[in-house]
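**Student:** First the structure, then my questions, so here it is.
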4 protein chains.
Amino acid sequence: MSDFRISLDKANTIISAAFAKGKDAGMKPLSCVVVDAGGHVIAFQRQDGTSFLRLDIARGKAAGALALGVNSRRIEEMAKDRPHFISALAHLTPGGLAPVAGGVIVKGPDGLPIGAVGVTGDTSDNDEVAALAGIAAAGLTPL
Amino acid sequence: MSDFRISLDKANTIISAAFAKGKDAGMKPLSCVVVDAGGHVIAFQRQDGTSFLRLDIARGKAAGALALGVNSRRIEEMAKDRPHFISALAHLTPGGLAPVAGGVIVKGPDGLPIGAVGVTGDTSDNDEVAALAGIAAAGLTPL
Amino acid sequence: MSDFRISLDKANTIISAAFAKGKDAGMKPLSCVVVDAGGHVIAFQRQDGTSFLRLDIARGKAAGALALGVNSRRIEEMAKDRPHFISALAHLTPGGLAPVAGGVIVKGPDGLPIGAVGVTGDTSDNDEVAALAGIAAAGLTPL
Amino acid sequence: MSDFRISLDKANTIISAAFAKGKDAGMKPLSCVVVDAGGHVIAFQRQDGTSFLRLDIARGKAAGALALGVNSRRIEEMAKDRPHFISALAHLTPGGLAPVAGGVIVKGPDGLPIGAVGVTGDTSDNDEVAALAGIAAAGLTPL
């Protein structure tokens with residue numbers, strides 16, 4: 001795979017590293033998705049004991065970030081500022097938006113997105129920490 | 001049925017007991033749904049004189065609780081705290097969320113969900129009282 | 001309740017009698033829904049061991065029948081004759097259509113619908129037999 | 001995890017073994033999903049070079065099988081026999097149906113479903129071979 005695509009190997013590395021970070025930091029069981037630049041899922045894992053909507057939430061963070069071009073932490077700020085706007089966009093985004101931290105865009109060599117990572121399960125701040133740990137472990141660059 | 005599944009017999013017991021509790025306590029006519037761990041309906045009854053959206057509301061409480069892994073009373077708190085987040089999740093949840101009290105998760109022998117009960121019709125506090133009475137009558141354990 | 005509405009008591013009678021008919025006739029485990037004239041669920045039960053889509057299928061038969069004003073057996077004939085038409089209507093009907101036998105309209109004193117019954121689980125011919133048995137047991141009149 | 005739930009460890013084993021089977025047999029790049037009894041995704045992986053709809057197709061096989069209670073190979077037969085019926089059910093099933101072979105139900109100790117596996121990428125016959133290899137590698141029982 002070129003540096004312009006996230007391979008399945010790298011996606012699996014991201015998920016394993018995000019889960020390892022969660023375990024080390026004493027977080028609750030996590031779920032992690034890696035999506036390509038189009039917001040389509042490459043890999044997803046949901047740890048034992050987590051509730052059933054986790055793929056949708058994780059994807060709503062990751063694909064939502066790509067849909068708007070900013071990390072989901074920024075989308076939460078936008079949602080607080082203009083709830084009617086983000087609520088409407090959530091209906092437009094395939095699979096919906098999850099406007100809270102934990103969705104981080106991955107940049108390619110040209111600075112444009114090649115995909116994104118979404119983590120859910122603990123506080124959204126911690127979810128983002130785990131996502132960033134996953135991206136770093138794969139040698140990739142977050143937005 | 002094993003202890004990891006709610007049988008139809010137990011679901012019917014839950015509904016009858018929830019309605020009996022409502023009658024004893026002078027509540028308005030109630031509706032009650034019992035769903036499996038995946039949020040799919042096992043049994044539902046709507047008492048005479050109730051409005052037509054009752055299945056959707058009751059299921060939105062019960063399946064919503066399972067979707068997020070907490071009772072719907074807690075989802076109401078989350079909705080007050082971060083309305084943009086719960087509004088977005090409602091869009092992601094199959095059948096939607098009803099973020100008010102009255103949706104209670106039923107735990108299995110391993111402490112993980114085997115289903116949930118949703119009641120609607122009176123105040124949401126009373127709806128929850130009726131749901132808990134139903135779960136107790138069936139010898140099951142609420143979250 | 002007037003004769004122009006199906007009471008919860010009658011709905012429960014319908015379901016019990018449909019299940020009894022299924023048991024007597026050696027049918028597979030059944031699911032049965034009773035809906036009001038607007039296609040909204042009054043009561044539903046899914047027997048142990050049945051798959052998770054049963055409410056949707058049963059309601060698609062019952063509410064679909066009311067949506068078009070003919071029993072679902074007739075909708076199947078229409079679907080064979082003009083599949084593009086019924087496929088399109090399925091997208092228009094809230095909750096969708098299930099264009100096979102087993103959905104039977106219940107008539108009121110004026111000959112117009114007061115609700116419908118949908119059964120699924122065995123062959124669609126047998127499903128319809130069980131639905132008719134339920135309606136008869138409640139002293140109601142099928143279309 | 002009890003025998004009534006598919007753990008993430010087992011889900012990952014299923015996917016790895018399905019992919020290994022595909023490689024050994026010279027199949028095209030595969031995608032594999034493992035869902036719980038409610039049709040909700042536990043884990044998914046899409047091999048490099050596959051098209052973007054793969055999660056939806058794999059889930060449509062696996063969750064569709066659970067929705068109707070038969071493997072997706074059987075749903076394909078039903079679709080050939082009564083296309084209007086399966087087309088309508090696809091509209092009712094959350095996430096849709098993929099009515100071709102490759103979706104296999106996993107049974108629990110009581111013979112009822114605890115989840116399902118869906119594979120897509122090669123011929124649907126080969127997809128099913130890979131799904132069955134995954135289930136066997138995890139020590140689980142297919143329907």
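The values are calculated or read from the model by the stated rules, or taken from the named source; none is laboratory data. The structure presented is a predicted model; accordingly, all values stated were derived computationally and were not measured. Reconstructed Cβ throughout: ideal geometry from the backbone, glycine too, with neighbour counts over all protein chains shown. Surface areas here come from the heavy atoms of the whole protein model, side chains and all, with no ligands, DNA or RNA. Shrake-Rupley method; radii C 1.70, N 1.55, O 1.52, S 1.80 Å.
**Student:** Sort through B:Asp125, B:Asp110 and tell me the only one that's at pLDDT below 95, farther than 27 Å from A:Gly102 by Cα and of a type in the set (Asp, Glu).
**Tutor:** B:Asp110
**Student:** Right, something else. What is the residue count in the range B:63-84 for residues that are in contact with a helix residue (DSSP H, G or I) (Cβ under 7 Å, 6 or more places away or on another chain) and closer than 12 Å to A:Ile57 by Cβ?
**Tutor:** Looking only at that region, the number is 1.
**Student:** Just the residues that are assigned to a loop (DSSP other than H, G, I, E, B) and either crowded, with 24+ Cβ neighbours inside 10 Å or modelled with pLDDT under 95 (or both), please, taken from the range C:5-50.
**Tutor:** Answer for the range C:5-50, where residues must be assigned to a loop (DSSP other than H, G, I, E, B) and either crowded, with 24+ Cβ neighbours inside 10 Å or modelled with pLDDT under 95 (or both): C:Ile6, C:Leu30.
**Student:** Sticking with this structure for a sec: Considering the range A:100-122 alone, what residues qualify as being in contact with a helix residue (DSSP H, G or I) (Cβ under 9 Å, 6 or more places away or on another chain), over 13 Å from A:Ile75 (Cα atoms) and not charged (D, E, K, R)?
**Tutor:** Result: A:Val106, A:Pro113, A:Gly115, A:Ala116, A:Val117, A:Gly118, A:Val119, A:Thr120, A:Gly121.
**Student:** While we're on this one: Consider D:Asp56 carefully, then state whether it is acidic (Asp, Glu) and either open to solvent by less than 20 Å² (accessible area, probe 1.4 Å) or over 13 Å from the mean Cα position of the chain (by Cα) (or both).
**Tutor:** For D:Asp56, the condition - acidic (Asp, Glu) and either open to solvent by less than 20 Å² (accessible area, probe 1.4 Å) or over 13 Å from the mean Cα position of the chain (by Cα) (or both) - is not met.
**Student:** Give all pairs with beta carbons closer than 8 Å in which a residue from the range B:22-47 that is within 14 Å of chain D (Cβ to nearest Cβ) meets a residue that is among the basic types (Lys, Arg) and in a strand (DSSP E or B); count only pairs at least 6 apart in sequence or on separate chains.
**Tutor:** Every condition considered, the pairs that remain are B:Val41/C:Arg46; B:Ile42/C:Arg46.
**Student:** Within the range D:134-143, can you find the residues that are open to solvent by 30 Å² or more (accessible area, probe 1.4 Å) and away from every other protein chain (no Cβ under 13 Å)?
**Tutor:** Once the filter is applied, which keeps residues that are open to solvent by 30 Å² or more (accessible area, probe 1.4 Å) and away from every other protein chain (no Cβ under 13 Å), the range D:134-143 yields D:Ala136, D:Ala137, D:Gly139, D:Leu140, D:Thr141, D:Pro142.
**Student:** Being open to solvent by 10 Å² or more (accessible area, probe 1.4 Å), of a type in the set (Gly, Ala, Ser) and touching a strand residue (DSSP E or B) at 6+ places or on another chain (Cβ under 6 Å) is the filter here; which residues of the range D:97-131 pass it?
**Tutor:** Within the range D:97-131, D:Gly108, D:Gly121 qualify.
**Student:** Next question. With respect to C:Met78, is the statement that it is free of Cβ contacts under 8 Å to residues at least 24 places away in the same chain and open to solvent by less than 60 Å² (accessible area, probe 1.4 Å) true?
**Tutor:** Judged against the criteria, C:Met78 is a match.
**Student:** On the given criteria, is D:Ile105 of a type in the set (Val, Ile, Thr), out of contact with any Lys or Arg (no Cβ under 8 Å at 6 or more places or on another chain) and in contact (Cβ under 8 Å) with a residue 12 or more places away in the chain?
**Tutor:** Here the answer is yes, as D:Ile105 does meet what is asked.
**Student:** Further question on the same structure: Look at D:Ser51 and say whether it is without any contact (Cβ under 8 Å) to a residue 12 or more places away in the chain and either at positive phi or within 14 Å of chain C (Cβ to nearest Cβ) (or both).
**Tutor:** Criteria not met by D:Ser51.
**Student:** What residue, among those in the range D:1-16 that are touching a residue at least 12 places away in the same chain (Cβ under 8 Å) and hydroxyl-bearing (Ser, Thr, Tyr), is farthest from the other protein chains (Cβ to nearest Cβ)?
**Tutor:** Here the residue is D:Thr13.
**Student:** Out of the range B:75-122, which residues are assigned to a helix (DSSP H, G or I), within 12 Å of another protein chain (Cβ to nearest Cβ) and not hydrophobic (A, V, I, L, M, F, W, C)?
**Tutor:** Matches in the range B:75-122: B:Asp81, B:Pro83, B:His84, B:Ser87, B:His91.
**Student:** OK, next. In the range C:59-74, what count of residues is obtained for those that are open to solvent by 10 Å² or more (accessible area, probe 1.4 Å) and within 9 Å of chain D (Cβ to nearest Cβ)?
**Tutor:** The total comes to 1.
Residue-by-condition table, conditions (1) in contact with a Gly (Cβ under 9 Å, 6 or more places away or on another chain); (2) more than 12 Å from A:Gly121 (Cα to Cα):
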{"position": "A:Asn12", "(1), (2)": "no, yes"}
{"position": "A:Asp24", "(1), (2)": "no, yes"}
{"position": "A:Lys28", "(1), (2)": "yes, no"}
{"position": "A:Val35", "(1), (2)": "yes, yes"}
{"position": "A:Gly39", "(1), (2)": "yes, yes"}
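**Student:** Restricting the search to the range A:30-63, which residues are basic (Lys, Arg) and farther than 23 Å from A:Ala79 by Cβ?
**Tutor:** A:Arg46
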